[in-house]
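Readers should treat all values here as calculations from the given coordinates under stated rules, not as data from a laboratory. Just so it is clear, the structure is predicted and the values come from calculations on it, not from any experiment. Here the Cβ is made from the backbone with ideal geometry for all residues, glycine too, and neighbour counts use every protein chain on show.
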Amino acid sequence: MKLLLHTCCAPCSVYCIKSLREEGIEPTLYWYNPNIHPYAEYKARRDCLKEYAKLVGVELIIEDAYGLDEFVCNVADKLTTRCEDYCYPKRLRKAMEYAKQNGFDTVSTTLLYSIYQKHEYIEELMYGLANEIGLDFLYRDFREGWQEGQDTARAIGLYMQKYCGCVFSEEESGVGRELNRKLKKIGISPTNANVRKVIEESKTGNILIPTQLDAAIAKAFPKNQKRDKIKAEHLHINIAF
Ligand code: SF4
């Protein structure tokens, strides 16, 4: 088997490479991720993967393509479905095409490691693309090694990103952290089912707007008087800036 492993970042590759090698499979990593923005973040993840590939002696192919403009133009009218409608197919099709043109017979992806990705969707997409292009898709549920991979990545000091990749995920992640801080302050567990409701309430169109969090919290927790304190604090912050 000659396996091309589409690789989104070094931390996600740790467990995938390890478990594949334990099976006797030597992957070749393939970097093609025009979904990562801004450029400083793209460079940090790419360069970290270069270093890690060297460290563990695995071959790495870099398809350098920083693509903020193209990405935004292509997802602007489908922000809620951007992962399925553009981001996954764009990257995984490219990996498949590269594999086909360069003598690989099998393809897989480190996206199957992340507990935050749409795993079943990716699996189905990969089977479909492989069938269309004439390759084998190696399915593995790498999520079973999530904690192990994360612990190893931290222990060896790999760059650990705070969001999925695109500018929209950066915003969602930032808003999520802000929301968690606020909910903790008023004694509500961030795992509370209402958190989802707050996030839904704080959307304008499909984008989360930080300044709408207070109104969303007030709506989701109408009887919680402490929200007024948060609102006052938030107002103060807005005035201060
Ligand atoms: S959230 Fe992640 S998978 Fe979805 S579009 Fe953004 S970068 Fe791609």
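Here the stretch 1-23 and the stretch 139-180 have alpha carbon centers that stand 17 Å from each other.
Neighbour counting of Cβ atoms within 10 Å sorts the residues Asp77, Asp47, fewest neighbours leading, into Asp77, Asp47. Among Glu144, Glu26, the order by Cβ neighbours within 10 angstrom, fewest to most, reads Glu144, Glu26. The peptide list 84-97, 58-71, put in order of mean Cβ contacts within 10 Å with the highest first, becomes 84-97, 58-71. Between Gln161, Asn102, His119, the Cα set farthest toward the positive side of the dipole of the stretch 78-199 (charges on each charged residue's Cβ, about the Cα centre) is that of Gln161. Applying 1/(1 + (r/R0)^6) with r as the Cβ-Cβ distance of Lys18 and Ile62 and R0 = 35 angstrom yields a FRET efficiency of 0.95.
Subtracting the Cα-Cα distance of Glu26 and Tyr127 from their residue separation scaled by 0.36 nm leaves 34.3 nm. In this structure, the residue pairs whose Cα-Cα separation is over 22 Å, taken from Lys94/Lys118; Lys50/Lys118; Lys162/Lys184, are Lys50/Lys118. Distance between the 7 Å Cα→Cβ label points at Asp105 and Lys2: 1.0 nm. Between Arg181 and Tyr116, what FRET efficiency comes out of the Förster formula 1/(1 + (r/R0)^6) with R0 = 22 Å and r the beta carbon distance, rounded to 0.05? Computed FRET efficiency for Tyr116 and Arg181 comes out at 0.65. Once both labels are modelled 7 Å past Cα along the beta-carbon direction, what's the Asp47-Thr152 spacing in nm? Going by the 7 Å Cα→Cβ label model, 2.5 nm.
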